[in-house]
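A short write-up of the structure that comes next.
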Amino acid sequence: MARSVPNLETLLRVSTRAADAMRTALGAFSTRTYRHTADEAAPLEVARFPNQPSIGLFTFATVGLANTKWPELGRPRVELVMATSVDAEVCGQILANLAFHLTDTSFFPEPGVMVRDVVGALAVDELSRRLPHIYVAVPRPWRLVLPLSEGPPPITLAQVIPVSEAEYLVWRGDPAGFERELAQRKVDLTDLDRPG
């Protein structure tokens with residue numbers, strides 16, 4: 001019955017629980033709404049957390065992807081998080097573009113996968129050329145206990161890292177050793193201004 005009442009239906013969404021869990025884990029946040037070009041009725045919010053996962057950095061996170069049910073049984077609901085030293089609108093655009101792509105293709109953002117041309121498709125000047133792809137990782141920088149919410153359904157997070165074509169080729173050559181390779185090279189994954 002509550003689902004038939006518009007004001008109560010939003011309180012029952014999985015994303016509302018996800019937002020509450022992120023607020024508890026990461027603190028207060030502001031949001032901006034993004035709309036899919038093909039489906040204006042399905043908005044997505046992107047939250048901005050200052051000084052997360054550490055002082056001087058920013059965390060951007062989707063609020064709404066958790067409403068997506070994945071076709072594979074047993075998949076948790078998921079929101080995307082990105083840590084960056086850059087506090088810019090493009091961070092929200094990156095997450096929204098990726099979230100809409102994942103929803104459209106029913107592709108679950110499992111840690112260790114690469115999604116090509118997410119940033120490249122945005123055509124955001126030099127950034128789109130330097131760091132066109134997205135690598136999905138376990139969100140270790142936040143030191144959170146996952147899942148954020150046991151559910152049902154459980155809600156977890158997946159870290160989004162923009163990467164260059166050269167980094168993509170390293171991943172393609174050794175997907176299992178990709179993060180180790182970046183750590184050995186001391187690549188600052190929060191720096192969107194880093195060279196490709």
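The values are calculated or read from the model by the stated rules, or taken from the named source; none is laboratory data. Note that the structure is predicted; figures quoted are calculated from it, not measured. All Cβ positions, even for glycine, are placed from backbone atoms using ideal geometry, and neighbour counts span all protein chains on display.
Which of the residues that make up region 76-111 are of a type in the set (D, E, K, R) and either under 10 Å from the mean Cα position of the chain (by Cα) or crowded, with 18+ Cβ neighbours inside 10 Å (or both)?
Arg77, Glu79
Go over the candidates Arg140, Arg129 one by one and state the one that is over 22 Å from Leu57 (Cβ atoms) and over 13 Å from the mean Cα position of the chain (by Cα).
Testing whether each residue is over 22 Å from Leu57 (Cβ atoms) and over 13 Å from the mean Cα position of the chain (by Cα) leaves just Arg129.
Only one of these is touching a Lys or Arg at 6+ places or on another chain (Cβ under 6 Å) and buried (at least 16 other Cβ atoms within 10 Å of the Cβ): Ile161, Ile155. Name it.
Ile155 is the lone residue from the list that is touching a Lys or Arg at 6+ places or on another chain (Cβ under 6 Å) and buried (at least 16 other Cβ atoms within 10 Å of the Cβ).
Tell me yes or no: at least one residue of region 124-139 is out of contact with any helix residue (DSSP H, G or I) (no Cβ under 8 Å at 6 or more places or on another chain) and within 22 Å of Pro50 (Cβ to Cβ).
Among the residues of region 124-139, at least one is out of contact with any helix residue (DSSP H, G or I) (no Cβ under 8 Å at 6 or more places or on another chain) and within 22 Å of Pro50 (Cβ to Cβ), which makes the answer yes.
To keep it simple, each residue is scored yes or no on (1) at pLDDT below 95; (2) under 17 Å from Ile155 (Cβ atoms); (3) assigned to a loop (DSSP other than H, G, I, E, B); (4) of a type in the set (Gly, Ala, Ser).
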{"position": "Phe60", "(1), (2), (3), (4)": "no, no, no, no"}
{"position": "Pro71", "(1), (2), (3), (4)": "yes, no, yes, no"}
{"position": "Leu80", "(1), (2), (3), (4)": "no, yes, no, no"}
{"position": "Ala83", "(1), (2), (3), (4)": "no, no, no, yes"}
{"position": "Ile94", "(1), (2), (3), (4)": "no, no, no, no"}
{"position": "Ala99", "(1), (2), (3), (4)": "no, yes, no, yes"}
{"position": "Asp104", "(1), (2), (3), (4)": "yes, no, no, no"}
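Evaluate the following for Leu182: is it modelled with pLDDT under 95, surrounded by 19 or more Cβ atoms within 10 Å (Cβ to Cβ), in a loop (DSSP other than H, G, I, E, B) and not aromatic (Phe, Trp, Tyr)?
no
Restricting to region 53-78, what's the tally of residues that are closer than 19 Å to Ala96 by Cβ and either of a type outside the set (A, V, I, L, M) or without any contact (Cβ under 8 Å) to a residue 12 or more places away in the chain (or both)?
Count: 9.
Scan region 106-134 for residues that are without any contact (Cβ under 8 Å) to a residue 24 or more places away in the chain and either under 17 Å from Asp174 (Cα atoms) or assigned to a loop (DSSP other than H, G, I, E, B) (or both) and jot them down.
If the condition is that a residue be without any contact (Cβ under 8 Å) to a residue 24 or more places away in the chain and either under 17 Å from Asp174 (Cα atoms) or assigned to a loop (DSSP other than H, G, I, E, B) (or both), then Phe107, Val113, Val115, Asp117, Ala123 are the ones that fit.
Taking region 120-152 only, how many residues are closer than 24 Å to Thr33 by Cβ and at pLDDT below 95?
Residues that pass the stated criteria total 10.
Across region 9-28, what is the number of residues that are assigned to a helix (DSSP H, G or I), surrounded by 13 or more Cβ atoms within 10 Å (Cβ to Cβ) and touching a helix residue (DSSP H, G or I) at 6+ places or on another chain (Cβ under 6 Å)?
3
Of everything in region 112-144 that's surrounded by fewer than 18 Cβ atoms within 10 Å (Cβ to Cβ) and among the charged types (D, E, K, R), which residue is nearest to Ile94 (Cα to Cα)?
Here the residue is Asp117.
For region 29-58: of the residues being touching a strand residue (DSSP E or B) at 6+ places or on another chain (Cβ under 8 Å), small (Gly, Ala, Ser) and surrounded by fewer than 19 Cβ atoms within 10 Å (Cβ to Cβ), which is farthest from Pro152 (Cα to Cα)?
Ser30
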